[in-house]
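> Got a structure for you, written out below as structure tokens; questions coming shortly.
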């Protein structure tokens with residue numbers, strides 16, 4: 001699969017047709033336009049602009065987050081491997097060999113595993129308190 005490069009440009013005015021032509025000639029393809037405007041009056045602020053944390057997904061009612069089972073398995077495997085002092089590169093290789101992929105469908109790398117550390121810290125209390133973790137801990141020791 002070919003890698004795709006993305007670029008975001010901030011505009012100070014309307015898009016310039018000449019600039020669009022130059023980018024297209026250089027091999028770029030316009031894939032989105034983002035619009036914004038001031039909001040008049042009072043209203044509720046958006047609750048969040050953050051991405052859904054890895055291991056969770058938006059529930060069908062769009063009100064709550066629920067567990068994403070495959071991503072949760074990947075998180076538990078990461079914890080297993082990191083707790084037993086494996087390097088990030090080995091953790092990435094194990095995830096890839098077991099068929100796990102990142103949210104973007106890419107192979108795991110040492111860097112992508114490292115970037116998951118804050119999420120692992122967030123989810124660790126739930127995993128460590130679970131019966132499943134007790135069984136895994138016995139297996140690890």
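> Tell me what the chain gives for mean residue ellipticity at 222 nm when only DSSP H runs of n ≥ 4 count, each as -39,500 (n - 2.57), the sum divided by the residue total, rounded to 500 deg cm²/dmol.
Details: 6 runs with 62 residues, N = 141.
Per the formula, -13000 deg cm²/dmol.
> Something else now. Using Cα-Cα distances under 8 Å and only pairs 6 or more residues apart, what relative contact order does region 56-140 have, in percent?
Relative contact order here is 20 percent.
> On C-alpha positions alone, give me the angle between the axis of helix 117-128 and the longest principal axis of the chain, in degrees, nearest 10.
Helix 117-128 sits roughly 40 degrees off the main axis of the chain.
> What is the helix-to-structure angle for 131-140, meaning the angle in degrees between its Cα long axis and the longest Cα principal axis of the chain, kept from 0 to 90 and rounded to the nearest 10?
Orientation of helix 131-140: about 70 degrees from the principal axis.
> Sorted by packing (mean other beta-carbon atoms within 10 Å per residue), highest first, where do 24-31, 98-105, 120-127, 52-59 land?
52-59, 120-127, 98-105, 24-31
> Additional query: Mind checking Rg over Rh on region 45-136, alpha carbons, Kirkwood formula for Rh?
Details: Rg = 13.9 Å, Rh = 14.1 Å.
Dividing the radius of gyration by the Kirkwood radius yields 0.99.
Only the coordinates and a few stated rules stand behind these numbers; no lab work does. It should be emphasised that the depicted structure is a prediction, and the values quoted were computed from it without experimental measurement. Note that each Cβ is placed from the backbone with ideal geometry, even for glycine, and that neighbours are counted across all protein chains shown.
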